[in-house]
Protein chains: 2
Amino acid sequence: MSQPTDAALVFLDPNYPAGRIADPTQPQILVTDEGLTRGDGVFETMLAVDGKVRKLGLHLNRLASSANICTLPIPPEQAWEAAIQTAVETLRKQRPEFTEMTVKLTATRGVSGMGSTCWVLATGVPESTIRQRENGVDVILLDKGHDAAANHRAPWLLMGAKTLSCAVNMSALRYAKAQGKDDVIFHTSEGRVLEGPTSTVLMVKIDQQTGVPTLITPRLETGVLPGTTQGAIFAGAEDSGWDLGYGPVTTEELLQMDAVWLVSSVRLITPVLSLDNQPMGQHPEITAKLTEFLLAGAH
Amino acid sequence: MSQPTDAALVFLDPNYPAGRIADPTQPQILVTDEGLTRGDGVFETMLAVDGKVRKLGLHLNRLASSANICTLPIPPEQAWEAAIQTAVETLRKQRPEFTEMTVKLTATRGVSGMGSTCWVLATGVPESTIRQRENGVDVILLDKGHDAAANHRAPWLLMGAKTLSCAVNMSALRYAKAQGKDDVIFHTSEGRVLEGPTSTVLMVKIDQQTGVPTLITPRLETGVLPGTTQGAIFAGAEDSGWDLGYGPVTTEELLQMDAVWLVSSVRLITPVLSLDNQPMGQHPEITAKLTEFLLAGAH
């Protein structure tokens with residue numbers, strides 16, 4: 001984790017059109033903010049390269065969608081864009097050597113009756129994240145407890161919203177680490193593949209006759225988060241004429257895939273080395289191709 | 001909601017054996033605290049009457065249990081007890097007219113690598129809470145998405161821990177309010193009764209032959225939080241020779257009960273007026289008896 005001094009913090013504030021710069025090393029949040037007391041808020045984590053945020057539109061869309069699912073009024077896109085620009089420029093001045101930055105957007109429900117609390121935090125990208133991009137991850141499969149239809153049946157469960165209530169995701173990662181693994185892929189109670197705690201699952205199945213690969217991701221209907229990185233890769237892949245597939249994928253089918261990746265905005269396209277101790281196929285040439293698609297699709 | 005000035009805030013701090021008093025109207029939490037960024041922390045909400053916290057031991061036990069489920073190291077009980085005393089005494093000096101107080105304990109995972117952030121916040125009891133105690137609540141039944149066995153199968157889901165990741169609980173309450181109702185009782189995907197978003201479900205079934213009431217609550221095995229108020233009431237009821245029952249209770253059986261209550265530390269024993277628009281039996285004499293049991297059992 002980068003030190004707080006290696007960070008730029010900007011609050012969205014109607015009195016400051018470009019955002020209000022604040023000190024991230026000092027307390028900034030009231031103990032009564034419902035983002036803190038109830039995990040009641042939404043967020044996005046983005047990557048900026050050379051001062052330019054990737055997939056900004058996709059992230060702002062998803063932030064608005066998450067807020068909408070949570071009935072949380074948030075400021076308009078222009079206010080976010082201005083604060084993001086201020087945060088990125090501020091950190092670039094402080095730390096010109098940061099060619100990559102993590103830019104995190106947060107909107108909480110705030111203190112009761114006082115409106116949402118919204119901010120942008122720009123930091124460096126942790127070494128450990130860069131290492132996983134290059135080296136890949138060992139993954140375990142864990143049950144998320146709900147069935148594939150819960151999302152449709154029970155909209156109050158907020159599936160498909162990226163909320164601050166991530167204690168279970170963090171718990172699953174700790175569970176994996178206690179077993180010497182790096183990450184997790186969740187599945188439904190019936191064994192349908194969902195997503196990682198902080199990533200989307202991407203798979204490739206290569207046709208044994210023709211050698212043509214199909215790029216596959218789980219359906220959103222089961223309650224997974226719409227991945228902005230997956231979306232950009234699929235857009236690029238489609239433009240290049242690749243075959244695309246959308247789950248349902250069972251955990252048995254996952255283990256039969258030719259290759260599996262966890263994709264997310266900052267860790268990018270991380271190869272899965274093993275699943276529940278079973279070694280998975282490695283296809284660096286496909287990873288390179290997916291990276292091309294991501295750059296092409298990340299308008 | 002009481003105003004922040006009607007509050008006393010005390011952080012647990014090894015340098016301050018009685019706790020470090022802080023200003024609840026000023027920001028006290030870093031934006032990088034994982035309690036805020038990940039809903040990664042645990043809490044307890046207690047009631048103090050005339051300066052004395054009720055069921056203190058039960059709450060400190062459950063806080064330790066929640067922290068243990070989350071692998072979150074927290075300070076020892078003595079540190080909590082000292083900070084609680086400081087917070088209650090401080091608010092009693094500020095607001096001697098507050099005969100009742102809400103005393104909330106929070107422990108977050110803190111900023112990465114810097115240890116947990118722990119505090120006690122004492123406030124007045126909101127008028128709306130007092131009203132619900134007296135008037136009762138209209139309740140809807142909502143699916144929690146998981147089956148009754150998920151808790152056993154998937155300990156990483158943190159069922160049974162009272163975590164800060166409550167966005168779904170708040171969402172369910174908003175869903176109820178949008179329908180003109182006050183509160184929610186969750187059930188499993190098979191229709192087993194679980195708990196309320198901030199309460200435990202208590203039921204009474206009266207034997208039609210003998211007129212003897214049995215006091216019933218759902219089993220913990222399904223992943224409900226062990227209710228401290230339910231525990232105190234059951235302890236008092238058992239001492240008085242009442243029949244006690246533990247679920248599984250289906251939603252169909254719930255609707256056939258002679259009376260249902262939502263119980264919690266601050267709202268106490270709140271009668272359920274209706275369930276999914278079906279009026280429920282009202283037994284003020286049993287409510288009064290349960291209140292006696294609570295006072296007797298709340299050592």
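Structural remarks
- Accessible area per residue for chain A, computed on protein heavy atoms with a 1.4 Å probe, is 41 Å².
- In summary, the aspartates and glutamates within cross-link reach of residue A:52, defined as a Cα separation below 17 angstrom excluding same-chain residues under 8 places away, comprise A:44, A:77, A:81, A:89, A:97, A:100.
- Residues whose placed amide H lies under 5 Å from that of residue A:184, excluding near-sequence neighbours: A:140
- FRET efficiency, 1/(1 + (r/R0)^6) with R0 41 Å, evaluated for residue B:99 and residue A:250 via beta carbons: 0.10
- Ellipticity estimate at 222 nm from DSSP helix runs (n ≥ 4, -39,500 (n - 2.57)) divided over chain A, nearest 500: -9000 deg cm²/dmol
- Cα-derived Rg over Rh, computed across chain B with Rh taken as Kirkwood radius: 0.97
- Under conditions of 20 °C and 1.002 mPa s, region A:4-125 yields 149 µm² s⁻¹ as its translational diffusion coefficient, taking Rh as the Kirkwood radius over Cα pairs in the Stokes-Einstein equation.
- Pairs with C-alpha atoms separated by more than 24 Å, drawn from the list B:55/B:144; A:144/B:104; A:162/B:144; A:144/A:177; B:162/B:205, are B:55/B:144; A:144/B:104; B:162/B:205.
- Copy-to-copy label distances for residue A:68, where each label lies 7 Å from Cα along Cα-to-Cβ, are 4.5 nm in order of increasing length.
- Among B:114, B:203, B:159, residue whose mean-square fluctuation peaks in a GNM of chain B (springs only between Cα atoms under 10 Å): B:114
- Label geometry 7 Å along the beta-carbon vector: residue A:240 inter-copy distances in nm: 7.3
- With the label put 7 angstrom out from Cα along the Cα-to-Cβ vector, residue B:278 ends up 4.6 nm from the copy partners, going from closest to farthest.
- Under the simplified labelling scheme, the residue B:240-residue B:52 pair shows an inter-label distance of 1.9 nm, with each label point 7 Å from Cα along Cα→Cβ.
- Charge sum, other residues only, whose C-beta stays under 12 Å from residue B:164's C-beta, Lys/Arg counted +1 and Asp/Glu -1: -2
- Heavy-atom SASA rank of A:267, B:20, A:133 (probe 1.4 Å, accessible area, largest first): B:20, A:133, A:267
- Using a 1.4 Å probe over protein heavy atoms, the accessible area lost on pairing B with A, summed over both chains, comes to approximately 4500 Å².
- Considering only A:270, A:222, A:90, the mean-square fluctuation computed in a Gaussian network model of chain A, springs between alpha carbons under 10 angstrom, is largest for A:90.
- Amide H within-cut-off set for residue A:143, under 5 Å, with H built and near neighbours excluded: A:187
- Chain B: most fluctuating residue of B:45, B:210, B:99 per GNM, C-alpha cutoff 10 Å: B:210
The values are calculated or read from the model by the stated rules, or taken from the named source; none is laboratory data. Quick caveat: nothing in here was measured; it's all calculated off a predicted structure. Methodologically, a virtual Cβ is constructed for each residue, glycine included, from the backbone with ideal geometry; neighbour enumeration extends over all protein chains shown. Quick note on the areas: whole protein, heavy atoms, side chains included, nothing else; ligands and nucleic acids left out. Shrake-Rupley method; radii C 1.70, N 1.55, O 1.52, S 1.80 Å.
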